[in-house]
Amino acid sequence: MDAALSLRVPLCGLPCAEMRIAPAPSGGVRASGGCPAGRVAAALPIADEAKPAVDGRPVSEAQAVAAAAALLLEARSPFVFGLSMSSCGTARRAAAIARRLGGAIDVEGAAALENDLVALRTFGLASATFGEVRHRADVVLLWRCDPRPDHPHLMPPRLPGDASAERLFILVPLAGETAGGAHAGGATQMLPVADGGDLDALLALRALAARREAGANVSGGMAGGGALSDLHRAAAALRRARYAAMVWDAAATRGPAGPAIAATLALLARDLNVQHRAAARPLGAGGNVAGAMAAILSDCGHPRAVGFSGGSPREAPEAFGAAPMLDGGADALLLIGARSIAVSRQTASDGHSGPRPTHAVVIGPRLPEGCSDPEVFIPTAIPAFSEKGLWLLADGVPVPMRAPLPSTRPSEAEVFDRLIGRVAASGKPASPRRGA
Amino acid sequence: MATPASGTIRIRGGSVFDPASGRRGETGDVCIQDGRVVASLPSGAPVFEARGLVVMPGGVDLHSHIAGPAVQSARLLCPEAGGACLPTLQETGRRYVRMGYTTVFDAAISPIRARVAHTELDAVPIVDKGIFVLMGNDDLALRLARDGRLDDLSDFMGWLLHATRGYAPKLVNAGFVEAWRRGEEEEPVAPEELLRAFAAAGGALRLPHPLHVHLSGLGRPGNAAMTLRQMEALRDSRAHFTHLQFHAYGGRTPAGLRSRAPEIASWLNAHPRATADVGQVVFGPAVTLSADAPAQHRLHRATGRKWLNLDGESGAGCGIVPHDYRADRLTGAVQWATGLELMLLCSDPWRMFLTTDHPNGGAFAAYPVIIRMLMDRSFREAILAGAHPRLKERCVLAGIAREYTLDEIAIVTRAGPARALGLERKGNLGAGADGDVAIYRSAGDPEATFSEAVAVFKDGVLVARDGEIVAETRGRTFFVEPPSSGDRARAGLDTRLRDHFEACGAAPLEDFVLEEEALARPETVPALPAAS
């Protein structure tokens, strides 16, 4: 890259402002604009000089692909992981190879959405795209998140097209914060909730919004550390809303109470739809996690943590999720578009790292954190920057990544096609597809 | 997916049903050269022996939901539905092909998600496909329709089809979905007026398939009166009315639900410009998904089943609710009978087609059993006898003697839909047609016959044999380039479009417009001649 470029690469998974990237004096890339998550992703070091390698020795790409295929075919329990920074097309190819190998596949970051998914499957979800929330929501409940400072255009203080319509934000600040994003502008009604008090406060809020007694969750005028008077005020605002939105990020539904918190947020939106309109909108897990999960879902019938070893694809996070597979469940890893395997392994074992899988193949622009010496490394172009492809925002809206930067490397998709061809040529039968 | 190959084959000595050319089972050959049907082939051409078998054009499903955000969301919401109701993309193509279907249209794609829908459809193997684009609740379209600015509306509709690589405009409960989103009960303009405006504007585009209309009142007791009013509003227009079964009820409450199919069928019989599909219900679990979000909300409230709603840009979105159609419950039983009555009372099979509105009325894999119901009166009467005891009071099915012939089945499953879609190369075996051929056993029960084709040729290539997929080719994506989608429309609309899409925070206009290169195997279907 010789000069600065403006590009729209919503690496945060949200509708994001344009980012400007320019060559850095160090030889890397300096990013401005966009949002912090996007700038971090854009500024990650890219080893331009990296060549395909097997056991650390430079080889041709064809040799690296052959070595990767051999390694994966020999594995008893291969695991395909990553895809959070890859295109939907790459994710579809990854699912195909996992199926062919009889292994398992998971998406980096998807575990953080598991509780939301459990709630959705149990109760459903009245939801909306970010564009609809921006366009219609006159009251927005921000539960333990505030995307406004980093994404000011996501939910501006006034409804687009109606300068007189001020949007009301009800902000449950992050644990330990009191002011949250009040500086982000717009009318903000604070609703402090104690750390760990989310479920009680939400249950009370839902009850009050439905004009029921807050009931058993109230003690001393508080519910979950939230003042009942604040909860009453918030409930009244939600009831009055023509179109209310509930927004939260993955951290808000983490932990044992996570499914219940996600369910209560969803049920609050469902209740409000009886009188007016309301939508619950999780912010997702960033990158192209939504796109990767969608690609795997349409290919396998399941969005994540899918194993093919029993014939038909089976979704089982406890067996095929990143945590158990990276913590010893897999004997070979195929890492593609993964940012880190260290985090997932720590998540797996509460800080205790299990035995490292025997083998690792990395396909992507860089080595993921926690995997510095893979058996096979096939460097690729950088998805979104120098590899075109389709990504999905967290609300499922597609974004074509134009890839304005040149690259001399192959794309992830091209490498995958060659690898799939090599694996298919081995004669190992593909696992049957679901319903086949 | 393998590169599409076009094959050369003589399908010899079969009993050929090709309604478009009047062949009703006469023994003969079907010759395919380089993927297209030809009059004859040299004697040395490869042969598929079809003696004793039934030969038909490949099936054409003109209303199904197989890809896009609604189907994806349904997969997320209802993992318990599994592969039966919501097969994966690959399995969808394979199941259609095993039954002898070779062309499928996804009937409701929101404009902003057309890009991802096309990507998914490209992953559906073998079958040719296309999408209908939701536009009946788009804010800009509604404003133009209400104001009677039909030229502008026409330009906008044409531009939307161009931008999304769509095949036909789709209206879903026009105006009312957007009103529901605003929290209002009623759209300010009468639905009949809106329908007329969209029909007039769409007519100017000379599309091969006209306005594809999902009327108001989906699933509501007593909706037949509204259906008749709205169809009457389009009596002088080309229009396709979809899943009419869900719009053909009498009664005031669910408990009072009854069929008014005879009146709907009578209207259709009297109006030869209209076409329709049935949206037949089959007993068993289903997943209902529809861009008619308020109707889906009502279903959720009525049944208590879980509900997923996704409001999206352009007034498009979806509501999803799992459902069970049960013979022992009056509502489901009436719905089942209503669909069959429509099929049996519409006198012209060229204008009433077999669909289940997959997966709403049931899975498309149920087509064979529905075919048996149509062809075998005793079979459907046995089901009627086992259904809810009050069903017979609520419908006239018991008195209908008609049994479909194989020729009529060929019309309602391929020749008719192909003609309604304006696909000249589909649904027939005349010279120049695509070499899409389904070969079935000629004896035995129709359900078994149509469940598994003996052989299926796609573009002259054998792709299925005795229920096994033997080759996976890549199907085409059909789309239209309306005459007004060019510079004139673009110049006039550009500012408003930019405002429309960017102001609502959806996407830059450049991201919204789908370039033809984004489709794996695109094929433009031309507009109709000006005189049409």
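Which is crowded, with 24+ Cβ neighbours inside 10 Å, among the aliphatic types (A, V, I, L, M) and under 30 Å from B:GLU447 (Cα atoms), of B:ILE112, B:ILE131?
Of B:ILE112, B:ILE131, the one residue that is crowded, with 24+ Cβ neighbours inside 10 Å, among the aliphatic types (A, V, I, L, M) and under 30 Å from B:GLU447 (Cα atoms) is B:ILE131.
Scan segment A:65-96 residue by residue and report those that are more than 14 Å from every other protein chain (Cβ to nearest Cβ), buried (at least 24 other Cβ atoms within 10 Å of the Cβ) and among the aliphatic types (A, V, I, L, M).
A:VAL65, A:ALA68, A:ALA69, A:LEU72, A:VAL80, A:LEU83, A:MET85
Just checking, which of B:PRO359, B:PRO322, B:PRO389 is within 14 Å of chain A (Cβ to nearest Cβ) and over 19 Å from the mean Cα position of the chain (by Cα)?
That would be B:PRO322, the only listed residue that is within 14 Å of chain A (Cβ to nearest Cβ) and over 19 Å from the mean Cα position of the chain (by Cα).
Would you mind listing the helices (runs of 4 or more DSSP H) fully within segment A:233-337 where at least 1 residues are within 30 Å of B:ALA179 (Cβ to Cβ) and modelled with pLDDT of 95 or more?
Where helices (runs of 4 or more DSSP H) fall fully within segment A:233-337 and carry at least 1 residues being within 30 Å of B:ALA179 (Cβ to Cβ) and modelled with pLDDT of 95 or more, they are A:258-272, A:289-300.
Looking at segment B:74-111, which of its residues are of a type in the set (A, V, I, L, M, F, W, C), within 9 Å of chain A (Cβ to nearest Cβ) and touching a strand residue (DSSP E or B) at 6+ places or on another chain (Cβ under 8 Å)? Explain how you work it out, then say what you get.
As a first pass, look at segment B:74-111 and keep what is of a type in the set (A, V, I, L, M, F, W, C): B:74, B:76-78, B:81, B:84-86, B:89, B:97, B:99, B:104-105, B:107-109.
Filter again for within 9 Å of chain A (Cβ to nearest Cβ), leaving B:76-78, B:84, B:86, B:89.
Within segment B:74-111, B:LEU76, B:LEU77, B:CYS78, B:ALA84, B:LEU86 qualify.
Looking at segment A:235-245, is at least one residue more than 14 Å from chain B (Cβ to nearest Cβ) and without any contact (Cβ under 8 Å) to a residue 60 or more places away in the chain?
Checked against the condition, which is being more than 14 Å from chain B (Cβ to nearest Cβ) and without any contact (Cβ under 8 Å) to a residue 60 or more places away in the chain, segment A:235-245 yields at least one hit.
Exactly one condition in (1) farther than 14 Å from A:GLY301 by Cβ; (2) crowded, with 24+ Cβ neighbours inside 10 Å; (3) at pLDDT 95 or above; (4) touching a strand residue (DSSP E or B) at 6+ places or on another chain (Cβ under 9 Å) is false for B:ALA145; which is it?
(4)
Out of the residues in segment A:259-289 meeting the condition of being of a type in the set (A, V, I, L, M) and at the interface with chain B (Cβ under 10 Å from one of its Cβ atoms), tell me which one is nearest to A:ASP146 (Cα to Cα).
For segment A:259-289, the residue satisfying everything is A:ALA280.
Looking only at segment B:88-144, count every residue that is among the small types (Gly, Ala, Ser) and over 26 Å from A:ARG402 (Cα atoms) and tell me the total.
Residues that pass the stated criteria total 6.
Which of the residues that make up segment B:374-403 are assigned to a helix (DSSP H, G or I) and surrounded by fewer than 16 Cβ atoms within 10 Å (Cβ to Cβ)?
Once the filter is applied, which keeps residues that are assigned to a helix (DSSP H, G or I) and surrounded by fewer than 16 Cβ atoms within 10 Å (Cβ to Cβ), segment B:374-403 yields B:SER378, B:GLU381, B:ALA382, B:ALA385, B:GLY386, B:GLU393, B:ALA398, B:GLY399.
With the requirement that a residue be over 14 Å from B:MET99 (Cα atoms), small (Gly, Ala, Ser) and assigned to a helix (DSSP H, G or I), what does segment B:404-456 give you?
Within segment B:404-456, B:ALA415, B:GLY416, B:ALA418, B:ALA420 qualify.
What strands (runs of 3 or more DSSP E), lying completely within segment B:199-302, carry at least 1 residues that are within 14 Å of chain A (Cβ to nearest Cβ), under 20 Å from the mean Cα position of the chain (by Cα) and crowded, with 23+ Cβ neighbours inside 10 Å?
B:284-290
Which one is nearest to the chain's Cα centre (by Cα), of the residues in segment A:298-325 that are among the hydrophobic types (A, V, I, L, M, F, W, C) and surrounded by fewer than 24 Cβ atoms within 10 Å (Cβ to Cβ)?
A:ALA323
Scan segment B:46-73 residue by residue and report those that are within 14 Å of another protein chain (Cβ to nearest Cβ) and either closer than 16 Å to B:THR102 by Cβ or in a loop (DSSP other than H, G, I, E, B) (or both).
Residues satisfying the conditions are B:HIS65, B:ILE66, B:ALA67, B:GLY68.
Hey, can you tell me all the residues within segment A:99-129 that are within 13 Å of chain B (Cβ to nearest Cβ) and of a type in the set (S, T, N, Q)?
Within segment A:99-129, A:THR122, A:SER127, A:THR129 qualify.
Among the listed residues A:GLU61, A:GLU114, identify the single one that is surrounded by fewer than 24 Cβ atoms within 10 Å (Cβ to Cβ) and over 17 Å from A:ARG304 (Cβ atoms).
One residue alone meets the criteria, A:GLU61.
Residues checked against (1) modelled with pLDDT under 95; (2) in a strand (DSSP E or B); (3) over 20 Å from the mean Cα position of the chain (by Cα); (4) surrounded by fewer than 22 Cβ atoms within 10 Å (Cβ to Cβ):
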site: B:ASP151; (1), (2), (3), (4): yes, no, yes, yes
site: B:ASP155; (1), (2), (3), (4): yes, no, yes, no
site: B:LEU171; (1), (2), (3), (4): no, yes, no, no
site: B:GLY183; (1), (2), (3), (4): yes, no, yes, yes
site: B:VAL189; (1), (2), (3), (4): yes, no, yes, yes
site: B:GLU193; (1), (2), (3), (4): no, no, yes, yes
site: B:ALA197; (1), (2), (3), (4): no, no, yes, no
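Look at A:ILE105 and say whether it is closer than 30 Å to A:ALA70 by Cβ and among the β-branched types (Val, Ile, Thr).
When the stated conditions are applied, A:ILE105 passes them.
Could you list, in sequence order, the residues of segment A:140-184 that are in contact with a His (Cβ under 9 Å, 6 or more places away or on another chain) and modelled with pLDDT under 90?
Selection gives A:LEU159, A:PRO160, A:GLY161.
The values are calculated or read from the model by the stated rules, or taken from the named source; none is laboratory data. No experiment lies behind these values; they were computed from the predicted model shown. Positions of Cβ are generated from backbone atoms using ideal geometry, with glycine treated the same way; all protein chains shown enter the neighbour counts.
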